[in-house]
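Everything on this sheet refers to the single structure shown next.
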Amino acid sequence: MKSRYNVLFLCTGNSARSILAEAILNQKGKPSFAAYSAGSHPTGRVNPHALAQIQSAKLSATGFRSKNWDEFAKPGAPKMDFVFTVCDNAASQICPVWPGQPMTAHWGIPDPAAIAGTPEQIAKAFRDAYVALDRRISLFLALPFASLDALAIKKEITNIGKQ
């Protein structure tokens, strides 16, 4: 088993879901996992509701920024072991595809940033996205990486949260 795995969460805008996932994994997965997030078409800003949700979960909400996934394809960028897309295919979003050899999986999460409604409805959408990501990340972290081969890990991470 490696001493540290790099995980990239990809979304289209890198303003909400991928940021939430980055915050969760960096807290729950330390010191064995380093999480990053990026977007194929980043909005250029982190959604303030995402930061509020991170803070309400008692996680650090500092240092996040909306960035293009190109940052992680440049020379000198961390080599990714896992790449998870968190776009919602049901919402007709086009999820980015990561080139290379990391293990990849799609965890479709509805976009809370797309919700228009009362402040309570918006907060609930962000809370729901956070809970879904938290559950999947907890299941991912529970995998016995040391005893699974690459194909078994790929199968497990693809099925997380589908039960």
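Which loop trypsin sites (Lys or Arg not before Pro) in the range 1-41, with loop taken from DSSP, have no more than 13 other Cβ atoms within 10 angstrom of their Cβ? The partial results should precede the final answer.
Details: sites: Lys2, Arg4, Arg17, Lys28; in loops: Lys2, Arg4.
Here the trypsin sites (Lys or Arg not before Pro) that fit, given the DSSP loop and packing criteria, are Lys2, Arg4.
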Once label points are set 7 Å from the Cα along Cα→Cβ at both Ala77 and Lys28, what is their separation, rounded to one decimal in nm?
-> 2.5 nm
For the chain, longest principal axis from Cα atoms; helix 17-28 axis from its Cα atoms; angle between them, nearest 10 degrees, is 60 degrees
In vacuo Debye sum over C-alpha of the range 1-137, base-10 log of normalised intensity I(q)/I(0) at q = 0.22 Å⁻¹, listed in q order, is -1.46
Starting from the Cα of Lys124, draw a straight line to each of the lysines and keep only those under 19 Å, dropping any in the same chain fewer than 8 residues away.
-> Lys58
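Would you order Ile157, Ile19 from fewest to most other beta-carbon atoms within 10 Å of each residue's own beta-carbon?
Values: Ile157 20, Ile19 26.
Lowest to highest Cβ neighbour count: Ile157, Ile19.
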Any idea what the relative contact order of the chain is, in percent, if you count C-alpha pairs under 8 Å spaced at least 6 apart?
-> 24 percent
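For the range 1-85, calculate the relative contact order in percent as a whole number, restricting contacts to Cα pairs under 8 Å that are 6 or more residues apart.
Details: 160 pairs, mean separation 33.1, N = 85.
Reported as a whole number, the value is 39 percent.
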Using mean Cβ contacts within 10 Å as the protection proxy, how do 105-114, 43-52 order, highest first?
-> 105-114, 43-52
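Please sort 118-124, 61-67, 10-16 by packing, taking for each peptide the average over its residues of neighbouring beta carbons within 10 angstrom, highest first. Walk me through the numbers on the way to the answer.
On the way: 118-124: 12.0, 61-67: 15.0, 10-16: 26.4.
Result, highest mean Cβ count within 10 Å first: 10-16, 61-67, 118-124.
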Report Rg (one decimal) and Dmax (nearest whole number) for the range 6-59, counting Cα atoms only, units Å.
-> 10.8, 30
Relative packing of 70-79, 133-142, which averages over residues the other C-beta atoms within 10 Å, highest first | 133-142, 70-79
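Values in this text are rule-based calculations from the coordinates and carry no lab data. From a predicted model like this one, the values you see are computed outputs, not experimental measurements. Neighbour counts run over all protein chains shown; Cβ positions are idealised from the backbone, glycine included.
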